[in-house]
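As structure tokens, the structure follows; a few thoughts come after it.
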Amino acid sequence: MLIFADHPAPSLNRYQKNTMRILSILHFEVWSFLCVLGGMIVYRLLTRQIDMGGIFARKDGSEAASPERIQLLLSTLGLSVQYLGQVWHTPDGKMPEISRDWLMVFGGSSGIYVGVKALTMFAGKGTNQERIR
Amino acid sequence: MSAFLMTMNSGLMTVCGYIVCGFVGAIGATILWYIWTDKIDLCGVLNEVNGTASMSRLQLLIFTFVIAVSFFELVEKGTMSGGGLPDIPNGVLTLLGISASTYAVGKGISYSRTEGVTSPRERTEALDTRTKGATEAAAANTNPVVLAKEAIVMNEPKQD
């Protein structure tokens, strides 16, 4: 009885007890699945079985680090941590709203990423080795 | 009679509940086992067609986990407080919309250029092959022996 350990209910009948037991099993299964899956992905990222090569590099052939990708990753991580914190502190089962400020930050960050990518690809900005050759 | 039917009904519901538990557990365990034994290959989960990792794919992976964990946590809290599935607020939908749009526009840009669909190594090899071919062709055209052979072939009378 994982979820309901803090709320003992001695007056429950057999059917209700069975239902709670089933919910506890489902709770355990889903959390185990998410944790093990997340752990496996993190493990493979750390051991480079999932290749992250070139994730911060420009795709124009120069292989230089691109600041717009780094800021997009930072804003994604920041928003994710902030939202998980909100969810953790929510007392009821309502999904917390994301503030307008965070949406603007994230929208701006994504806009910068896409804008610089389009500029690099179409306008020849950057150091495309093939074009130089 | 009605008490018997209610008992039967609750017993049936309990059995169904355990069957659902077993089914969900079996699916989860199978997926995890297949991933662990590389039958489900995650090596290229972040890779683009040109072989490099993609920032927008990583972003989508992070958000998938964040939304999955949040949703399950809130469903659990809602179940304890007597509520049902949580409503998804507009802010979350906007966030997912921005993320998906970024991904789609990024893919559009990548696929519209050669750099987006070929790796630097492939491009270098193609360029080398092209240069080598052009050099060989130029050398063949200026080689007097080759030119003489071509002239002989052209001046030969036809057999028929």
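The values are calculated or read from the model by the stated rules, or taken from the named source; none is laboratory data. Nothing here was measured: the structure is a model prediction, and the numbers come from that model. Please note: Cβ atoms are built from the backbone with ideal geometry, for glycine as well, and neighbour counts cover all protein chains shown.
Summary of computed values
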| quantity | calculated |
| --- | --- |
| Selection status of residue A:63, touching a strand residue (DSSP E or B) at 6+ places or on another chain (Cβ under 7 Å), assigned by TED's automatic domain parsing to the domain that holds residue A:118 and of a type in the set (Asp, Glu) | yes |
| Restricting the stretch B:75-107 to residues that are more than 7 Å from chain A (Cβ to nearest Cβ) and in a loop (DSSP other than H, G, I, E, B), the residue that is farthest from residue A:100 (Cα to Cα) | B:82 |
| Considering residues of the stretch B:63-74 that are more than 7 Å from every other protein chain (Cβ to nearest Cβ) and either over 16 Å from the mean Cα position of the chain (by Cα) or not in a helix (DSSP H, G or I) (or both) only, the residue nearest to residue B:114 (Cα to Cα) | B:67 |
| Lone qualifier among B:56, B:110, B:101, B:81 - being under 30 Å from residue A:117 (Cα atoms), surrounded by fewer than 17 Cβ atoms within 10 Å (Cβ to Cβ) and either among the hydroxyl-bearing types (Ser, Thr, Tyr) or in contact with a Ser or Thr (Cβ under 7 Å, 6 or more places away or on another chain) (or both) | B:101 |
| Of all residues making up the stretch A:56-85, the number that are surrounded by 13 or more Cβ atoms within 10 Å (Cβ to Cβ) and either outside any helix (DSSP H, G or I) or of a type in the set (Ser, Thr, Tyr) (or both) | 13 |
| Sole exception among (1) closer than 21 Å to residue B:99 by Cα; (2) assigned to a helix (DSSP H, G or I); (3) more than 7 Å from chain A (Cβ to nearest Cβ) for residue B:11, by number | (1) |
| Candidates B:28, B:78, B:17, filtered to the one that is more than 30 Å from residue A:68 (Cβ to Cβ) and touching a Gly at 6+ places or on another chain (Cβ under 9 Å) | B:78 |
| Residues being among the polar types (S, T, N, Q) and free of Cβ contacts under 8 Å to residues at least 12 places away in the same chain - total across the stretch A:72-85 | 1 |
| Selection from the stretch B:37-62 of residues that are more than 7 Å from chain A (Cβ to nearest Cβ) and more than 14 Å from the chain's Cα centre (by Cα) | B:37, B:38, B:39 |
| Filter result for residue B:5 (without any contact (Cβ under 8 Å) to a residue 12 or more places away in the chain and surrounded by 15 or more Cβ atoms within 10 Å (Cβ to Cβ)) | no |
| Flag for residue A:2 being within 21 Å of residue B:68 (Cα to Cα), surrounded by fewer than 16 Cβ atoms within 10 Å (Cβ to Cβ), at pLDDT below 85 and not assigned by TED's automatic domain parsing to the domain that holds residue A:68 | yes |
| Within the stretch B:20-30, considering residues that are β-branched (Val, Ile, Thr) and facing chain A (nearest Cβ under 8 Å), the one nearest to residue A:27 (Cα to Cα) | B:24 |
| Selection count, the stretch A:46-55, where residues are surrounded by 18 or more Cβ atoms within 10 Å (Cβ to Cβ) and more than 7 Å from chain B (Cβ to nearest Cβ) | 0 |
| Filtered residues of the stretch A:91-109 (kept if outside any helix (DSSP H, G or I) and surrounded by fewer than 17 Cβ atoms within 10 Å (Cβ to Cβ)) | A:91, A:92, A:94, A:97, A:99 |
| Residue B:54 being more than 30 Å from residue A:15 (Cβ to Cβ) and touching a residue at least 24 places away in the same chain (Cβ under 8 Å) | yes |
| Hits in the stretch A:84-115 (condition: among the acidic types (Asp, Glu) and either facing another protein chain (nearest Cβ under 7 Å) or in contact with an Asp or Glu (Cβ under 8 Å, 6 or more places away or on another chain) (or both)) | A:92, A:97 |
